[in-house]
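The values are calculated or read from the model by the stated rules, or taken from the named source; none is laboratory data. Nothing here was measured: the structure is a model prediction, and the numbers come from that model. Reconstructed Cβ throughout: ideal geometry from the backbone, glycine too, with neighbour counts over all protein chains shown. Only protein heavy atoms, including side chains, enter the accessible area calculation; ligands, DNA and RNA are left aside. Shrake-Rupley method; radii C 1.70, N 1.55, O 1.52, S 1.80 Å.
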Amino acid sequence: MRDRSISIKCIKQESKNRDMLGTAASAATIPTTTAHAANTIRRSFHTNPFNSLSSSHHSILCARFRCLSLRSFTAVSTKAMSHPQTLDAPHPQSSAAGNKQALISLSDKKDLALLGNGLQELGYTIVSTGGTASALENAGVPVTKVEQLTCFPEMVLDGRVKTLHPNIHGGILARRDQKHHMEALNKHGIGTFDVVVVNLYPFYDKVTSTGGITFDDGIENIDIGGPAMIRAAAKNHKDVLVVVDSQDYPALLEFLKGSQDDQQLRRKLAWKAFEHVASYDSAVSEWLWKQTMGDKFPPSLTVPLSLKSSLRYGENPHQKAAFYVDKSLSEVNAGGIATAIQHHGKEMSYNNYLDADAAWNCVSEFRNPTCVVVKHTNPCGVASRDDILEAYRLAVKADPVSAFGGIVAFNIEVDEALAKEIREFRSPTDGETRMFYEIVVAPKYTEKGLEILRGKSKTLRILEAKKNEKGKLSLRQVGGGWLAQDSDDLTPEDIQFNVVSEKKPQDSELCDAEFAWLCVKHVKSNAIVIAKDNRMLGMGSGQPNRLESLRIALRKAGDEVKGAALASDAFFPFAWKDAVEEACESGIGVIAEPGGSIRDGDAVDCCNKYGVSLLLTNVRHFKH
């Protein structure tokens, strides 16, 4: 009675809303026609927007409507659930008034006017929230605000619950082929939604912004209502089209113009919606874990991958393949081949990505101007010089046969002079054959440098990449699982080269050992690198027998091995009549290895016998 007397008092105070309130009040007093009353109130809301009501009238009508909805829900839900029926002929129904309805709530409002006008032309009533509603109105598109359906002010609790309401989710989740679902909607005056277009708060952009974000701001940018609507619509995709990407707006409008339904399109959009939410939740989870624990290895791990390109094939032509970009927060602006810009050439292949990654990771670790040549993920030539042209020539000279058809990488800008040298350089094997490469990768190019390289070959892939940041998580797949580890970021500056032999290395020999050590960490195990004067002379890779890797490296180094440095990625299990003694006998001046073998003493004695310096690093660089 108190509510009713207040209602009558309010009606008397504002005559312009008398008819609307009278209708609502009358409907509220007739319990036997609850559905009719609810529909009457709703029609009143649609014809008399909230902005024409005083706040007191708004509260009264919403209270009346909520009472009706709750009472009728209690009365019909038990009955409906105990007698579920399937409609003989599924026929999607729309809103209580018979209109087709679309729900739009967007953070990214790209192409919103296109969408809104298109839906309006197709006869859709658009229900929207906050800034999206304002943007649509500014574009001349009529909008029903969500609070007109929920009877709840949108900005209560700072808008946190504006769409979390049965009048929204009921209209999304109701199955049109279930009779008791449609009866329930009718009794409560809830209209169905045929289209739901939602994207989420820009959490990803906020937490990865240059200026950073506070923990509280990060929490406030976690979307709740958006994912709920997306998931609801995606679940009920048989009846509701859900769109989360503005690139799908044209396809949506074209589909709605047709007379034929397409469940495949509906399923595709539903898949995209669930994937969108999953990726979003992954970013929130990753960020919150780092804010809370900081451990690199959480109890569970989700890696969001986004398809960058379909590849012609995998490692071999009979294998299908694709390339995905890691969208983890830790990879944002962290560099690497995945985000490289391709300026020219054929599309990248599976093997191209592997080789380019190996070359770029290797060359990026050198401080001085450096060129690295890679073949089958192994650096076959490395050289550092103040004159980058000379470094390029020396890197190719280390193994010109392997360099042909390989990947060449630089850690400095490719200018006109360097580009000409790459284009015109002849193979050291015959002095005539122009060198051919699959890929050139560098941190940047001058305009002239790019122009010249484009003229070398139509197929030459020219990549511009950013250096990989340190501290990344390295993942590798095995059958049925993944291995995770810290990336191997240690460089010679991070370790100690401990002299354990009688002969102490000269400064130049120590520099050669450090250079060889930095090269060998990028060579597949078992790995041996021989280097001198900041250039690789030879390397042996991938042999199950370390002695064989040594012999390959010695053969490539040739006569230049005298006085050179040798680096091994792991300890030598034997010394006498094995790798250490053969290296000493060949004229190697200094050996750098991790140590740790039970026969380290033999290695020391062997080096002392031949007058070779032996350095133990206590750091292994296996690469499998």
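Restricting attention to the stretch 515-557 and to residues that are touching a residue at least 60 places away in the same chain (Cβ under 8 Å) and among the charged types (D, E, K, R), the residue that is farthest from Glu365 (Cα to Cα) turns out to be Lys556. Among the criteria (1) touching an Asp or Glu at 6+ places or on another chain (Cβ under 7 Å); (2) closer than 24 Å to Gly471 by Cβ; (3) not aromatic (Phe, Trp, Tyr), the one Lys556 does not fulfil is (2). Asp216 meets all of the listed conditions (1) open to solvent by 20 Å² or more (accessible area, probe 1.4 Å); (2) in a loop (DSSP other than H, G, I, E, B); (3) of a type in the set (Asp, Glu) but one, namely (2). Under the condition of being among the hydroxyl-bearing types (Ser, Thr, Tyr), more than 28 Å from Ser282 (Cβ to Cβ) and touching a Ser or Thr at 6+ places or on another chain (Cβ under 9 Å), the residues counted in the stretch 313-359 number 1. Against the condition under 30 Å from Gln120 (Cα atoms) and part of a helix (DSSP H, G or I), how does Leu256 come out, does it pass? So Leu256 passes the test. Whenever a residue of the stretch 132-143 is closer than 17 Å to Asp108 by Cβ, its partners that are part of a loop (DSSP other than H, G, I, E, B), lying with C-beta atoms within less than 6 angstrom and at least six residues away or across chains, give the pairs Thr132/Leu106; Ala133/Val143; Ala135/Lys109; Leu136/Val143.
Just wondering, is there one or more residues in the stretch 504-511 that are open to solvent by less than 40 Å² (accessible area, probe 1.4 Å) and within 36 Å of the chain's Cα centre (by Cα)? No: the stretch 504-511 contains no residue that is open to solvent by less than 40 Å² (accessible area, probe 1.4 Å) and within 36 Å of the chain's Cα centre (by Cα). Taking the criterion of being under 21 Å from Gly116 (Cβ atoms), modelled with pLDDT under 85 and of a type in the set (Lys, Arg), the only residue of the stretch 131-173 that qualifies is Lys162.
When we screen His169, His181 for residues that are buried (at least 18 other Cβ atoms within 10 Å of the Cβ) and in contact with a Lys or Arg (Cβ under 8 Å, 6 or more places away or on another chain), the only hit is His181.
Among the strands (runs of 3 or more DSSP E) confined to the stretch 436-549, the ones with at least 2 residues that are under 27 Å from Pro400 (Cα atoms) are located at 437-442, 461-464, 528-531, 536-540. Taking the criterion of being surrounded by fewer than 17 Cβ atoms within 10 Å (Cβ to Cβ) and under 23 Å from Phe622 (Cβ atoms), the residues of the stretch 455-479 that qualify are Glu469, Lys470, Gly471, Leu473, Ser474, Leu475, Arg476, Gln477, Val478, Gly479.
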